[in-house]
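Here's the structure, in structure tokens; my notes come after.
The values are calculated or read from the model by the stated rules, or taken from the named source; none is laboratory data. Not measured: the values here are computed from a predicted model. Because the Cβ atoms are built from the backbone with ideal geometry, glycine has one as well, and the counts that use them run over all protein chains shown.
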């Protein structure tokens, strides 16, 4: 059974339908990254394993989940917990890894409704993906937040970033290690509640700066 790491910061409105929609055999692991709205308690009451990570940062939450996960089949998934991604698509992303066809699979976001992916965030992602293609030769369209890989191999990559550079550093290190990296399209809906990153210019700029720092290093 794959483990599904869900980094969470004040997502009390999005969590109930998200956890209820988890496919059979996929075990949610909620990493509470300093929520003040009771997200962690709600997730625990819904039956999810909850890990508290006091160090702020998307990468810190993902790393904490990676270290805490114990998937029976060795495969671990990551996805945002804001309602923008559908857990029903996890088997599409994890399937090639479970089958031994790919080492890392990313879900390339396809907006399914108006306002799902603001123009400023989409343009920033496109520029980063283009830079990534030039550096690695990978034909990726998106540095997507839904992804799957094998846990132990992922830990061995030694991803160091604990902020928003985490997703990009994972792909860079995997490419440098010769991993087979794939991509599948997944619908991307408007998030539930207030956006902290892609929905704001400031949040997107912060994420881009973190990723540019990873590229520069």
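A few notes on this one:
- Residue-level analysis places residue 68 outside the set of residues that are closer than 22 Å to residue 168 by Cα, surrounded by fewer than 23 Cβ atoms within 10 Å (Cβ to Cβ), modelled with pLDDT of 95 or more and within 15 Å of the chain's Cα centre (by Cα).
- Scanning the range 106-144 for residues that are part of a loop (DSSP other than H, G, I, E, B) and either surrounded by fewer than 15 Cβ atoms within 10 Å (Cβ to Cβ) or out of contact with any helix residue (DSSP H, G or I) (no Cβ under 7 Å at 6 or more places or on another chain) (or both) yields 112, 113, 114, 115, 116, 117, 118, 137, 139, 144.
- Inside the range 106-137, residues that are farther than 20 Å from residue 190 by Cβ and in contact with a strand residue (DSSP E or B) (Cβ under 6 Å, 6 or more places away or on another chain) make up a count of 1.
- Pairing each residue of the range 31-47 that is surrounded by fewer than 13 Cβ atoms within 10 Å (Cβ to Cβ) with any residue that is at pLDDT 95 or above, provided the two are 6+ apart or on different chains, yields C-beta distances under 7 Å for 36/10.
- Filter result (under 12 Å from residue 66 (Cβ atoms), in a helix (DSSP H, G or I) and in contact with a helix residue (DSSP H, G or I) (Cβ under 7 Å, 6 or more places away or on another chain)) within the range 145-177: 151, 154, 155, 166
- Residues of the range 88-105 classified as touching a residue at least 60 places away in the same chain (Cβ under 8 Å) and either crowded, with 21+ Cβ neighbours inside 10 Å or touching a strand residue (DSSP E or B) at 6+ places or on another chain (Cβ under 6 Å) (or both), total: 10
- Whenever a residue of the range 156-170 is under 12 Å from residue 57 (Cβ atoms), its partners that are assigned to a loop (DSSP other than H, G, I, E, B), lying with C-beta atoms within less than 7 angstrom and at least six residues away or across chains, give the pairs 162/55; 162/57; 163/57; 166/159.
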